[in-house]
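Quick notes on the structure that follows.
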Amino acid sequence: MVIVALAQGAIEAQTANGNVPQDSVCKVPKDEIEVFAGFLKDKSIPQVKTVLVTETNANDVDMDKNIQILKIGKHEIPSEMPSDFNSKNDSSCLIGHFGGVKNLNFISKAEEDRLFQTGSDEFHKKYGGDALIVTFSRVGFNSDKTLAFLHVSVGVDHVAGSGTLYLLKRNGGTWTIALKVEITLSPGNGHP
């Protein structure tokens, strides 16, 4: 036991001196936060609480299949967008708090899991019967950041397995929806 305590002390000292690399935490950058805020401002219902999970969820979105659907809709998809979306969604990132959206609440992934451990009753007791829980993917951009892919899951329960892939277009300083594709995920892969 003494050896463990000494070892821990040595590691802490090394870390404090910068000798041991710190785990880097992925944080969603400002340009993606602007897309999230714009989307929520446009889509939220002011009197309904929106609860945003502060960790992105990279559901198994089949971009190849969805690109084909978007092309059928006559939308030109720059080749870099799917790869930008896919590479960013290889792992989850933390979403920092932001303002400008009425009735927006933030919840950690751990708190979401705790509240939904036995169903949605705890969630609705805390946030209200009409509250919605929202999970975002990372945002995939084209090279000049005038187009964006965003996968959004919105629901009233924790186990829903669907979401929507949005193609968003920047008009001035605002992001508007150009097209959306409803997606049903494999069992066990999705949640709102």
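The values are calculated or read from the model by the stated rules, or taken from the named source; none is laboratory data. None of these values were measured; they are calculated from a predicted model. Note: ideal-geometry Cβ built from the backbone for every residue, glycine included; neighbour counts use all protein chains shown. In case anyone asks, the SASA skips ligands and DNA or RNA and just uses the protein heavy atoms, side chains included. Shrake-Rupley method; radii C 1.70, N 1.55, O 1.52, S 1.80 Å.
Just to verify a number: what accessible area does residue 124 come out at with the full protein assembly present, 1.4 Å probe, Å² rounded to tens?
40 Å²
Quick check: residue separation of residue 176 and residue 62 times 0.36 nm, minus the Cα distance between them. What number comes out in nm?
On the way: separation 114, 0.36 × 114 = 41.04 nm, distance 2.28 nm.
The residue 176-residue 62 span can extend by a further 38.8 nm.
Under 25 Å from the Cα of residue 43, which lysines turn up, not counting those fewer than eight places away in the same chain?
27, 30, 71, 74, 88, 102, 109, 125, 126, 145, 169, 180
Rounded to the nearest 0.05, what FRET efficiency do residue 169 and residue 114 have when you use their Cβ-Cβ distance and R0 = 41 Å? Could you put the intermediate results ahead of the total?
Values: r = 38 Å, r/R0 = 0.92.
The computed FRET efficiency comes out at 0.60.
Could you tell me how far the Cα centroid of the stretch 108-135 sits from the Cα centroid of the stretch 25-43, in Å?
For the stretch 25-43 versus the stretch 108-135, the Cα centre distance is 21 Å.
Stretched out fully, how many nm does the piece from residue 94 to residue 143 gain, at 0.36 nm a residue minus the Cα gap? All intermediate terms of the calculation are to be shown ahead of the outcome.
Values: separation 49, 0.36 × 49 = 17.64 nm, distance 2.33 nm.
Here the answer is 15.3 nm.
Could you compute the FRET efficiency for residue 48 and residue 79, with r as their C-beta to C-beta distance and R0 at 30 Å, rounded to 0.05?
Values: r = 38 Å, r/R0 = 1.27.
Calculated transfer efficiency: 0.20.
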